[in-house]
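Q: Attaching a single structure in structure tokens format; questions to follow.
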Amino acid sequence: MDFSWTEEQEIWRRTVYDFAQKKIKPRVREIDTNKKIPEEIIKDMAKLGLLAPTASQKYGGTEVGWTMASIAAEELGRADISLAIPVLYLVEAAWGFILSRYGTRETKEEYLPKITSGDAFCGIAVTEPTGGTDIIGAAKTKAEKKGKNWILNGEKMFISGITESSKWGGIHLTLARTDISKGHKGFSFFAVPLKDNPGIETTLLEDMGRMGISTGGFKMEDVKLPEHNLIGELDKGFYYAMEGFSAARVLIGATCVGASEAALELGIEHIKTRKAFGRPLGSFEGIQFPLAEHYINVEATKLLTYRAAWIMDKMYKENKATHHDVALAAAMAKLRAPIHAFEIMNEVADWLGATGYTKEYPIEMGIRGVRSYSIGAEGTMNIMRIIIGRELLGKEFLPYK
């Protein structure tokens, strides 16, 4: 068993680290305040191959494996503790991959080169206002075939990238019912453009964190799509969505590891230099003991995350793993990473004292940003537990039918 990095992985980590520390970290507060990722950062990310890098080289991607994709996610999370840029990265890496893998030639040619160059956005639209976690039971969005077009009606909510997609162009991979009698086997996936699309009405929400990327929803009223905007096979959309979510969960794990490491680094620097009662804060057991626990949690989460990425590489590159293996590993990483990251950031805020409650330090951006991952982005904590239980016990033990 070898836990070392390859030379290629080491070079990639250093490349992304240098870029992120130089170009992104100094502007994180600006991004959080202005609620926008600067265009030059997006273009620089594109030049480095950080926009949908998992997509085919034919359409501008670099076809990196999931370990390499996770390394980039970790370094972006380390630089942008607010997690806005990591969200942009992981959404496009996960769903750009699904588009590249299952999209039609026409749809890929139209959108992927623009996505990888930073000229268009690629997002995911599954959640609906009437039920976030209950995708199967609560979904009301429908798609009907009329001639050579698909007609979509419904609404999606709590979706990342509404402003970006509306202004830049691009698509959201959108889940819709195509056969209501089939339950989860009656969903299909569609590439839905928001910009200049008749029948689309967008809504914006103001999140508590991740301010650099927008959140909101969109209504679809008789939205017409060409038949080639169907992603993959008819009635297989639920499975494509689950595949994409597993990929996103692994990248979330890596993002949270990077943000956790950045928070601990900030905290360690403070407790080594700040004194109380004539001694450095770090000399008190009340500081050392939680530091030890949190450091262990970061290392354990890192192992879970990179094992999940390794399993994904085994599945996609070597055909030596199954989606059962991936779903289980990804859910474990997603269950642990956001919780520990949030706990670490809260602890570091305590070490910082009153300054930890100010915007003099970035820790408050991290607390606001990472909370989204435990509340629901790419699945709530209890959904991760359900997935883990399902994969261990079997589908007959699911709490729903």
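Q: Select, from 297, 319, the only residue that is of a type outside the set (Asp, Glu), modelled with pLDDT of 95 or more, out of contact with any Cys (no Cβ under 9 Å at 6 or more places or on another chain) and in the same structural domain as residue 389 (by TED's automatic domain parsing). Before the answer, list the steps.
A: On the way: 319 fails: modelled with pLDDT of 95 or more.
297 is the lone residue from the list that is of a type outside the set (Asp, Glu), modelled with pLDDT of 95 or more, out of contact with any Cys (no Cβ under 9 Å at 6 or more places or on another chain) and in the same structural domain as residue 389 (by TED's automatic domain parsing).
So that you can scan it fast, the table gives a plain yes or no per residue for (1) in the same structural domain as residue 63 (by TED's automatic domain parsing); (2) closer than 19 Å to residue 248 by Cβ:
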residue: 103; (1), (2): yes, yes
residue: 106; (1), (2): yes, no
residue: 113; (1), (2): yes, no
residue: 126; (1), (2): no, yes
residue: 142; (1), (2): no, no
residue: 155; (1), (2): no, no
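Q: A further question follows. Consider only pairs whose beta carbons are under 8 Å apart and that are at least six residues apart or on different chains; among these, list those whose first residue lies in the stretch 215-229 and is outside any strand (DSSP E or B) and whose second residue is surrounded by fewer than 21 Cβ atoms within 10 Å (Cβ to Cβ) and of a type in the set (Asp, Glu).
A: 228/106
Q: Shifting gears a bit: Take residue 386 and decide whether it is within 22 Å of the chain's Cα centre (by Cα) and farther than 16 Å from residue 257 by Cβ.
A: yes
Q: I've got another one for you. Quick check on my filter: what residues within the stretch 309-359 are among the hydrophobic types (A, V, I, L, M, F, W, C) and closer than 15 Å to residue 260 by Cβ?
A: Within the stretch 309-359, 333, 335, 337, 339, 341, 342, 344, 345, 348, 349, 351 meet the criteria.
Q: Quick one: how many residues across the stretch 196-212 are of a type in the set (Asp, Glu) and surrounded by 15 or more Cβ atoms within 10 Å (Cβ to Cβ)?
A: Step one: list which residues in the stretch 196-212 are of a type in the set (Asp, Glu), which gives 196, 201, 206-207.
Narrowing further to those that are surrounded by 15 or more Cβ atoms within 10 Å (Cβ to Cβ): 207.
Counting residues in the stretch 196-212 that are of a type in the set (Asp, Glu) and surrounded by 15 or more Cβ atoms within 10 Å (Cβ to Cβ) gives 1.
Q: Here is a further query. Within the stretch 224-240, is there a residue that is hydroxyl-bearing (Ser, Thr, Tyr), more than 27 Å from residue 152 (Cβ to Cβ) and either out of contact with any Cys (no Cβ under 7 Å at 6 or more places or on another chain) or in the same structural domain as residue 181 (by TED's automatic domain parsing) (or both)?
A: Scanning the stretch 224-240, I find no residue that is hydroxyl-bearing (Ser, Thr, Tyr), more than 27 Å from residue 152 (Cβ to Cβ) and either out of contact with any Cys (no Cβ under 7 Å at 6 or more places or on another chain) or in the same structural domain as residue 181 (by TED's automatic domain parsing) (or both), so the answer is no.
Q: Same structure again: Of all residues in the stretch 33-76, count the ones that are part of a helix (DSSP H, G or I), of a type in the set (A, V, I, L, M) and touching a residue at least 40 places away in the same chain (Cβ under 8 Å).
A: Residues meeting the conditions: 10.
Q: So which strands (runs of 3 or more DSSP E) are wholly in the stretch 86-169 and hold at least 2 residues that are aromatic (Phe, Trp, Tyr) and surrounded by fewer than 24 Cβ atoms within 10 Å (Cβ to Cβ)?
A: 149-160
The values are calculated or read from the model by the stated rules, or taken from the named source; none is laboratory data. A quick note: this is a predicted structure, and the numbers were derived from the prediction, not measured. Glycine gets a Cβ as well: all are built from the backbone with ideal geometry, and neighbour counts include every protein chain shown.
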